[in-house]
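Structure first, then comments.
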Amino acid sequence: MTTVVPTSEEDPALAVVRFTSELAWADAGPEVAERQVSTLCMEAQECIVMNKWLELASLMLTSADLIFSKVSEKDLECIFTVICNLVTKSESPDEELEMAKLISAKITHQPNEKPALRLKIVFNLYNLLGNPYSRFHVYMNALNLALNGKATEHIVPSFRKIDSFLKEWGIGISDQRDLFLTISNVLKENKSSGKESFKFLTKYLATFSGEDAHTMSEAKEEAVRTIVEFVKAPDMFQCDLLDMPAVGQLEKDAKYASVYQLLKIFLTQRLDAYLEFQAANSTSLKSYGLVHEDCITKMRLMSLVDLASDESGQIPYALIRDTLRINDDEVELWVVKAISAKLIDCKMDQMNQVVIVSRCTERVFGQHQWQTLKTKLSTWRGNIASVISTIQANRITEDGSQAMQGLMIR
């Protein structure tokens, strides 16, 4: 098989132009092919002599794209390694960025054809770049390639490094929004953890804090999507969405006010409020893909958490039964479900028919919760100080007694 690796002193870029153009024009007949190959090689040679690397990249990509389905993956990787390496010859960050845009766009424009190989080539390009913003641009192209080419499993592992990438890239708010939203879409397509997709959606919404109403309105659709994902998720029981301006704008929105009301019910109210809401908005709930039975299950657990947050630390079985609208023999089953979901730590006193709560998860953690925590810490600090004072007082008394005994012995 013909390979791309040059065995003579010919410039690797020129070798690639010759190899790809010969294949691209092979069906045109020897005479036409020879003329076209010769012309392309001359143009490439001129670009190399004149240091016109962007023009050379464009010329090489045209032929390489035409033969993508005609050569082996190994040869394609070699061809694009030579093309991508041209970015290292750029004489300015702007030129490097333009080359990165050109090369990554050409690689990713047919995502359904060998998407895994295309992603590998894009990441090779990424690693050759020196300009942080060029790297960001290429990474975004890789995300869209993975999403459109149904090859998300190849890029999801890189999300663990997003925080360090952000520090390296130094991108602005607008680019951060594009990044967070695209990552969330990739995770949704990948059917990864709903919590991870939700996390990046909330990062996206958080970037709208402090924006004017017009800019904030851009986030309405995604704010609704985030609320729906939270309500749907069977393993998410806490969030700070109510504190986000991008979500808060929905409260008085004619179209989405009911979605905001639903979120408020799940985070601050109990099952009876949800059932009343559902009776009046059943069609709306269905339009968002929400299943009534699943919502009841989650709302029962949320309601149990709300009962557990009472200062007394004790919940009568009867109150659980009435609040969750269940039978007497189901009370302990739901308590066990809450324990399994790590929503509460408790003991069930079957004799006295009460649940004794030692810890519970807060559905929201706002100003009130911070104040409660501050009070508990102050109390704890006071108790510790009292214990220390008692220990010190006992030590002084004990030392005094030992000193007296010593005098008596003498």
(request) Looking only at the range 57-64, decide whether some residue is assigned to a helix (DSSP H, G or I) and either open to solvent by 100 Å² or more (accessible area, probe 1.4 Å) or of a type in the set (Asp, Glu) (or both). (result) no
(request) Spot the failing condition for Val37; the list is (1) at pLDDT 75 or above; (2) surrounded by fewer than 16 Cβ atoms within 10 Å (Cβ to Cβ); (3) β-branched (Val, Ile, Thr), and only one is missed. (result) (2)
(request) Report yes if some residue within the range 110-121 is without any contact (Cβ under 8 Å) to a residue 60 or more places away in the chain, of a type in the set (A, V, I, L, M) and open to solvent by 50 Å² or more (accessible area, probe 1.4 Å); otherwise report no. (result) no
(request) Those residues that are under 27 Å from the mean Cα position of the chain (by Cα) and either more than 14 Å from Leu304 (Cα to Cα) or open to solvent by 50 Å² or more (accessible area, probe 1.4 Å) (or both), I need them from the range 266-278; list them, please. (result) Thr268
(message) Scan the range 311-321 and tell me whether some residue there is within 24 Å of Ser258 (Cα to Cα) and open to solvent by less than 60 Å² (accessible area, probe 1.4 Å).
(response) no
(message) Tally up the residues in the range 15-45 that are outside any helix (DSSP H, G or I) and either under 46 Å from the mean Cα position of the chain (by Cα) or within 15 Å of Leu56 (Cα to Cα) (or both), please.
(response) 1
(message) Quick check on the range 69-92. Is at least one of its residues surrounded by fewer than 13 Cβ atoms within 10 Å (Cβ to Cβ), among the β-branched types (Val, Ile, Thr) and over 37 Å from the mean Cα position of the chain (by Cα)?
(response) no
(request) Would you point out which residue out of Lys342, Lys286, Lys298 is surrounded by 13 or more Cβ atoms within 10 Å (Cβ to Cβ), within 30 Å of Arg225 (Cβ to Cβ) and of a type outside the set (Ser, Thr, Tyr)? (result) Lys298
(message) Looking at Leu129 and the list (1) closer than 27 Å to Leu97 by Cβ; (2) in contact with a helix residue (DSSP H, G or I) (Cβ under 7 Å, 6 or more places away or on another chain); (3) surrounded by fewer than 19 Cβ atoms within 10 Å (Cβ to Cβ), which single condition is not satisfied?
(response) (3)
(request) For the range 325-339, name all the residues that are open to solvent by less than 40 Å² (accessible area, probe 1.4 Å) and more than 19 Å from Cys295 (Cβ to Cβ). (result) Val331, Val335
(request) Kindly indicate which of Leu263, Leu285 is of a type outside the set (D, E, K, R), modelled with pLDDT of 95 or more and under 22 Å from Ser197 (Cα atoms). (result) Leu263
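The values are calculated or read from the model by the stated rules, or taken from the named source; none is laboratory data. Only a predicted model underlies this, so the values are computations on that prediction, with no experimental measurement involved. No Cβ is skipped: glycine too gets one built from the backbone with ideal geometry, and neighbour counts run over all protein chains shown. Remember, those area values only see protein heavy atoms, side chains included, never the ligands or the DNA or RNA. Shrake-Rupley method; radii C 1.70, N 1.55, O 1.52, S 1.80 Å.
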